[in-house]
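As structure tokens, the structure follows; a few thoughts come after it.
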Amino acid sequence: MIKVSKLKKYYGKKLILDIPNFIFEKGKIYSVVGKNGAGKSTFIKILSGIVSLDEGKLEIDKENIILSPQEPMFFKGDVWYNLTEPFKLCKKKISTNKLEELLNRFEIDSLKKSSVNSLSGGEKAKVQFIRTILYDKNCIFLDEPTASIDKKSSFIVEEILLELKKIGKLIIIITHDQDQARRISDEILEVDEAKLLKRGT
Ligand SMILES: Nc1ncnc2c1ncn2[C@@H]1O[C@H](COP(=O)(O)OP(=O)(O)OP(=O)(O)O)[C@@H](O)[C@H]1O
Ligand SMILES: [Mg+2]
């Protein structure tokens, strides 16, 4: 569970977020929509602990979060290195079978030995998504994970998120795809004029 109370965030004098209270529950998918610059990424970064809040309180298990940022970041190296090295660094054992299965599912298994720099935007987004899932955290935050991914692969992302929800993960996904939000969400939220508003289920 994540509990947000009396959260306020300013950039300079501009109030970006003003959220009196909100509770996110495990085993649910929340979609966050809203126009460019509304404050969606700021919100998810605050939840992830990489951007500070100016007022208010956040109750969250900091050890059990993974954020997939809007701009993916990679090590210099090939796809396989990027999907194994981060886990070696944090001494987490991952299943190679699961990794192979995910690469197959997204039809990028032939790219294992390709440098990430040479990948297309959508291929990079797939690698980024696979890496996020492999962390196996209880709270999964995704900032526009399917923005550059084709329809078929977006559906695979959605399928995987629904599987993760079933095993109790709390998922927050920022998206501009209203249909996607309707397909997968338990709740759709909109960041609008600094507020986090419920827009449907
Ligand atoms: N570090 C920063 N310093 C100052 N202003 C910032 C900073 N980061 C973001 N902003 C501003 O805060 C506002 C919210 O940014 P944010 O990235 O949260 O928007 P967003 O809803 O994710 O938009 P998009 O849909 O374009 O990704 C924007 O006007 C942005 O220019
Ligand atoms: Mg954003």
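The values are calculated or read from the model by the stated rules, or taken from the named source; none is laboratory data. Being a predicted model, the structure only gives us computed values, none of them experimental. Here the Cβ positions follow ideal geometry from the backbone for every residue, glycine too, while neighbour counts run over all protein chains shown. Protein only, heavy atoms only, side chains kept; ligands, DNA and RNA dropped before computing areas. Shrake-Rupley method; radii C 1.70, N 1.55, O 1.52, S 1.80 Å.
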Next item on the list: Amide H neighbours of Leu17 under 5 Å, at least 5 residues apart or on other chains, H built in the peptide plane: list them.
Entry: Lys9
Check: Dipole size in debye (nearest 20) for the chain around its Cα centre, Lys and Arg Cβ +1, Asp and Glu Cβ -1?
Finding: 440
Check: For the chain, what's the relative contact order in percent, using C-alpha pairs closer than 8 Å and at least 6 residues apart?
Finding: 32
Next item on the list: Please say if segment 1-119 is rounded, prolate or oblate, where rounded means a/c under 1.5 for a ≥ b ≥ c the square roots of the C-alpha gyration tensor eigenvalues, and otherwise the choice is prolate for a/b larger than b/c and oblate otherwise?
Entry: prolate
Item checked: segment 85-198: Rg to Rh, with Rh as the Kirkwood radius over Cα pairs -> 0.98
Note to self: How tilted is helix 121-134 with respect to the longest principal axis of the chain? Cα atoms for both, answer in degrees (0 to 90, nearest 10).
What the structure shows: 80
Next item on the list: Once you have a ≥ b ≥ c as the square roots of the Cα gyration tensor eigenvalues for segment 1-67, tell me rounded if a/c is under 1.5, and otherwise prolate or oblate according to whether a/b is larger than b/c.
Entry: prolate
Check: Of the peptides 192-200, 174-182, how do they stack up when ordered by the mean number of other Cβ atoms within 10 Å, highest first?
Finding: 174-182, 192-200
Margin query: Given the DSSP H assignment, sum -39500 (n - 2.57) over each helix run of at least 4 residues in the chain and divide by its residue total; what's the result at 222 nm in deg cm²/dmol, nearest 500?
Written below: -9000 deg cm²/dmol
Notebook entry, point to check: Using alpha carbon coordinates only, what is the Rg to Rh ratio of the chain, with Rh defined as the Kirkwood radius?
Noted result: 0.97
Notebook entry, point to check: If you average the sequence gap of Cα pairs under 8 Å that are 6 or more apart and divide by the length of segment 56-168, what percent do you get for the contact order?
Noted result: 39
Checklist line | Accessible-area composition of segment 38-98, carbon plus sulfur, in percent [1.4 Å probe] | finding: 51
Item checked: Accessible area per residue in Å² at 1.4 Å probe, computed on the chain -> 52
Checklist line | Three-way shape label, segment 147-198, alpha-carbon gyration tensor, a/c 1.5 | finding: oblate
Next item on the list: Go ahead and set up a Gaussian network model of the chain, Cα springs under 10 Å, then flag whichever of Tyr11, Tyr81, Tyr135 fluctuates most.
Entry: Tyr11
